[in-house]
Amino acid sequence: MILELETLCPARGVADRIAAHLLDARLIACANRSRTVVSLFRWDGEVKAEEEYSLRVKTRVELGDRVEAAILQWHPYELPAVLRHEVQANAAYEAWVLAETLGA
């Protein structure tokens, strides 16, 4: 079992910087940044529509709190969403994620 965390970023460079920090710290094995998505949401009493970049990162389950804290530290949003999904992957991929991230 591995952990995938997802957040949305206001710009491609923001997503790339967060991913680079996490990779350099060996908190994640990899990151996937998507093309823009349109997010519709209510903020400060108004309905907003903003283009954002989805950032998904893969790590060990036990590193989830550290990865989330790092995302929150480097994220420019006042209230970024950090979603966690425990996922099963093929055994070789899970072994690679474990080998590329810090031990607990």
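The values are calculated or read from the model by the stated rules, or taken from the named source; none is laboratory data. None of the values given here were measured: they were computed from a predicted structure. We place every Cβ from the backbone using ideal geometry, glycine too, and count neighbours over all the protein chains shown.
A few remarks follow.
- The residues of region 39-62 that are among the charged types (D, E, K, R), in a strand (DSSP E or B) and farther than 29 Å from LEU27 by Cβ, listed by number, are ARG42, GLU46, LYS48.
- Scope region 58-71; condition in contact with a Ser or Thr (Cβ under 9 Å, 6 or more places away or on another chain) and either among the small types (Gly, Ala, Ser) or closer than 17 Å to PRO10 by Cβ (or both); matching residues: ILE71
- Meets criteria (part of a helix (DSSP H, G or I), surrounded by fewer than 18 Cβ atoms within 10 Å (Cβ to Cβ), of a type in the set (Lys, Arg) and in contact (Cβ under 8 Å) with a residue 12 or more places away in the chain) for ARG17: yes
- Some residue of region 25-34 being among the polar types (S, T, N, Q) and either at pLDDT below 95 or within 13 Å of the chain's Cα centre (by Cα) (or both): yes
- Condition check for ALA69: outside any loop (DSSP other than H, G, I, E, B), under 13 Å from the mean Cα position of the chain (by Cα), under 13 Å from THR7 (Cα atoms) and small (Gly, Ala, Ser): yes
- Top-ranked residue in region 85-104 [being exposed (fewer than 10 other Cβ atoms within 10 Å of the Cβ) and assigned to a helix (DSSP H, G or I); ranked as nearest to the chain's Cα centre (by Cα)]: ALA99
- Filter result (loosely packed, with under 14 Cβ neighbours inside 10 Å and charged (D, E, K, R)) within region 28-67: ARG35, ARG42, ASP44, GLU46, LYS48, GLU50, GLU51, GLU62, ASP65
- Pairs linking a residue in region 81-104 that is under 30 Å from ARG42 (Cβ atoms) and at pLDDT 95 or above to a residue that is of a type in the set (Asp, Glu) and surrounded by 10 or more Cβ atoms within 10 Å (Cβ to Cβ), with Cβ atoms under 7 Å and 6 or more positions apart or on different chains, are VAL82/GLU68; LEU83/GLU6; HIS85/GLU4; VAL87/GLU4.
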